Amino acid sequence: MALLDNITEPADLRGLSLPEIEQLAEEIRDFIVLAVSETGGHLGSNLGAVELTLALHRIFESPTDAILWDTGHQTYIHKIITGRRGSFSELRQGGGLSGYPSREESKHDFIENSHASTVLSYAHGLAVARDAGTSTHRHIVAVIGDGSMTGGMAYEALNNLGHSGRQVIIVLNDNGRSYAPTISNLTSVGTIDEADATGQTPRLPDRVTKKLSRKLTNIRLNPVYVRRQRKIENFLRELPVVGKQAEQGMEAFKAAVREFLQPPSFFEALGVRYIGPIDGHDVAALEIALLAAQQRSDEGPIVVHVLTQKGRGYPPAEDDDEKNLHDAPSFDPVTGPDKSVVTGYTHAFSDAIVKAAENDSRIIAITAAMPGPTGLLNFQDRFPQRFLDVGIAEQHAVTMAAGMAMGGLRPVVALYSTFLSRAWDQVVYDVAMHRLPVVFCLDRAGITGDDGPSHHGVYDMALLSKVPGMRVLAPSSVQELQQMFHDAMTLANDGPVVIRYPKGAARQVDEHDVGSGLLARTLRNGDGSLCILAVGKMVGAALLAAQQLADNNISATVWDVRSCAPLDPAMIANASTHAHVITIEDGIRDGGIGIAMADAITSLHTNASVSVLGLPTQFIPQAKPAVILARLGLDADGIVKTAQQLLKNSS
């Protein structure tokens, strides 16, 4: 019988021997590969966190001890251990198991974060509540890694934690990656293997330094050493006359040793104790380190630096140079997933930026830890000196782009729509207020599906259309996106431009069947009874709806809005001549583009009735995008139903 069959809660781990834990780790890896092969999901980050998760749940007692995860996509093992193994057949499916921590799923999940670099702030807040007596948590353990330490918010929290002296245990899961290789000089100071990343054996002085560092780490993990250290410090402090100077001398000596042997003395300079680096696949070493951190928690915040290998134990993940199978669609577990390639709108953007950059040396591409998913790998290969990956640091990316634009460059910032919200202040006050020529290309706009409410890109149009001088474009086809990118290079002369587009398949049209600039396009002319104004991806649904209506002798005019801000006055004027108008978008309805179009039509003192279709202001659970849109009436059938109701009410 497999050991995994007997694990239903964390307490079940504590009676196992270390050899049994090692066997369990392999069983868990096999289970994760098979589960993700059926449903798709985050694979590499979870394969690298198996031993770490087991050690955490053996040393700490969740939920009395709060174990917080950042990023949340490395919690599959945590979910298995906390009784959710039977739900993995529905991982990331509608109504099924979330791909991230979920407070609704388990008492062991405290935060539902899937936006990185937030956990230290949560931990600081929970520590304040615990110390105030309003929370019963004993230890607060914040697991941060998979690139999250490249985010500025993590450093803000670290600074405040060190200053406050709050008792928080920080586990830095350093796998050298976020999605792409981690952009940081702080992490990956050690390696699990003796050879370096180039396959070369380190120089003798470096090997000596690393061995000394490990010896020092082992000494500092020894509780006898810790007790004696405190006795010596107390003895020196109490010496008559010279006590203070003696204590300061001891601290200076210790600091000098740390500075020479341990690059992460950065932490201790902030008032955060440091242990490591620890082999994150050695359960015995992990447990010793975590116990030591637990015993020293009264000293204030402490970091346990753990080195892990993303994709550990599954050759296709280990051999994936781009992302170690960070995420994957369903696949054959024997051979692994096919090589990841960009498709749809992302592929169109990839081609467009390379083509533009060949003719304009000012173009610089910037992304935040997502060169592959945003379609920039070809650009990176073609123009390596004009490509910048800043890590999980969207705020920095945007303001850096502002500086580039001030200096005469033409920066293109490629992000997921949901992650641009992390840099809202910078978009408004650093770019737009200066009217700078920055082009934002927002992938995964609208309903994204499997990753759930934190990843739906539903706020971009409502927010960005309110920024003075911002032009917001939404392509309805591959060819429209390429045209919009070309036009954006000129439009940016007057200030920032946003092009937002969805994940997945894209419409294909004739290369000449596109618009230009900030103008909308008429795709179908009706008899004046009904007009449909469709934004971006919704154009396909609008055309299908118009055909269904025509089959029922209802003639509809269809416009491709193209420019969400500013709106094309000719489109608004034409819509106002119709008896009924339907607007449809895959962004939030409240304050969205449909409301803006309705206001513009009404201002013309028309008798047209306007029905605005968009997403509700609520967190939308995971499901396939088509299923979500259909449920909300944002598909062809939904448009037809709305149109029929409008015409029925007016008859």
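Every number here is computed from the coordinates shown, using simple stated rules; none is lab data. Since the model is a prediction, treat every value here as computed from it, not as a measurement. Every residue, glycine among them, receives a Cβ derived from its backbone with ideal geometry; neighbour counts consider all protein chains shown.
Sorting the segments 39-50, 345-356, 377-388 by their residues' average number of neighbouring beta-carbon atoms within 10 angstrom, most packed first, yields 39-50, 345-356, 377-388. Against the chain, whose longest principal axis comes from its Cα atoms, helix 538-551 is set at around 40 degrees. Hey, which aspartates and glutamates would be in cross-link range of residue 466, C-alpha to C-alpha under 19 Å, not counting anything within fewer than 8 residues on its own chain? Partners found: 425, 430, 494, 568, 585, 586, 590, 599.
Think of each Lys and Arg Cβ as +1 and each Asp and Glu Cβ as -1; about the Cα centre, that makes the dipole of the chain roughly 1500 debye. Can you give the percent of C-alpha pairs in segment 344-500 whose distance is more than 21 Å? That tail contains 37 percent of the Cα-Cα pairs. Packing around the peptides 313-322, 538-547, taken as the average count of other Cβ atoms within 10 Å per residue, puts them in this order, highest first: 538-547, 313-322.
Using Cβ counts within 10 Å as a stand-in for footprinting exposure, how do 406, 484, 149, 470 rank, fewest first? Present the calculation step by step, with values, prior to reporting the outcome.
Working: 406 12, 484 30, 149 25, 470 22.
So the residues, fewest neighbours to most, are 406, 470, 149, 484.
Scanning residues 5 or more positions from residue 531 or on other chains, those with amide H under 5 Å from its amide H are 557, 580, 581, 582, with H placed 1.01 Å from N in the peptide plane.
Residue by residue, segment 623-632 carries 3J(HN,Hα) couplings of 4, 5, x, 4, 5, 5, 4, 5, 4, 8 Hz when phi is fed to the Karplus relation 6.51 cos²θ - 1.76 cosθ + 1.60 (θ = phi - 60°); x denotes Gly or Pro. Extension gain, residue 551 to residue 505, is 13.9 nm, computed as 0.36 nm per intervening residue step minus the present C-alpha separation. Start at zero, step by 5 Å, and the Cα-Cα distances of segment 430-573 spread as 2, 10, 18, 20, 20, 14, 10, 4, 1, 1, 0 percent across the bins.
Given the peptides 455-464, 159-168, arrange them by the average over their residues of other C-beta atoms within 10 Å, most packed first.
Highest mean packing first, the order is 455-464, 159-168.
In degrees from 0 to 90, rounded to the nearest 10, what is the angle of the helix 119-132 Cα long axis to the longest principal axis of the chain? That helix lies at roughly 60 degrees to the long axis. Relative to the longest principal axis of the Cα atoms of the chain, helix 593-602 runs at roughly 30 degrees.
Can you tell me how segment 263-376 classifies by the Cα gyration tensor, rounded, prolate or oblate, using a/c under 1.5 as the rounded cut?
Details: a/c = 4.14, a/b = 1.72, b/c = 2.41.
Note, shape of segment 263-376 comes out oblate.
Summarised in one figure, the compactness ratio Rg/Rh of segment 582-651, Cα atoms and Kirkwood Rh, is 1.01.
For segment 522-650, build the convex hull from the C-alpha positions and give me its volume per residue in Å³. Spell out each step's value before the answer.
Details: hull volume 12.8 nm³, N = 129.
It comes to 99 Å³ per residue, whole-number rounded.
Dividing the summed -39500 (n - 2.57) terms of all DSSP H runs of n ≥ 4 by the residue count of the chain sets its mean residue ellipticity at 222 nm at -11500 deg cm²/dmol. Label residue 435 and residue 641 with points 7 Å out from Cα along Cα→Cβ: what is the distance between them in nm? Spacing of the two 7 Å Cα→Cβ label points: 4.7 nm. Each 5 Å bin, from zero up to the one with the longest distance, holds this percent of the alpha carbon pairs of segment 382-452: 3, 16, 26, 24, 16, 9, 4, 1, 0.
Per residue, the convex hull around the alpha carbon atoms of segment 477-523 comes to 79 Å³.
Phi angles of segment 522-535 translate, via the Karplus equation with coefficients 6.51, -1.76, 1.60 and θ = phi - 60°, into HN-Hα couplings of 7, 9, 7, 9, x, 9, x, 7, 9, 10, 10, 9, 10, 9 Hz per residue; Gly and Pro are given as x.
Over 49 Å apart: what share of the alpha carbon pairs of the chain falls there, rounded to a whole percent?
Values: 44448 of 211575 pairs.
Tail of P(r) above 49 Å: 21 percent of Cα pairs.
Suppose each label sits 7 Å from its Cα in the direction of the beta carbon; what would the residue 135-residue 649 distance come out to in nanometres? Spacing of the two 7 Å Cα→Cβ label points: 4.8 nm.
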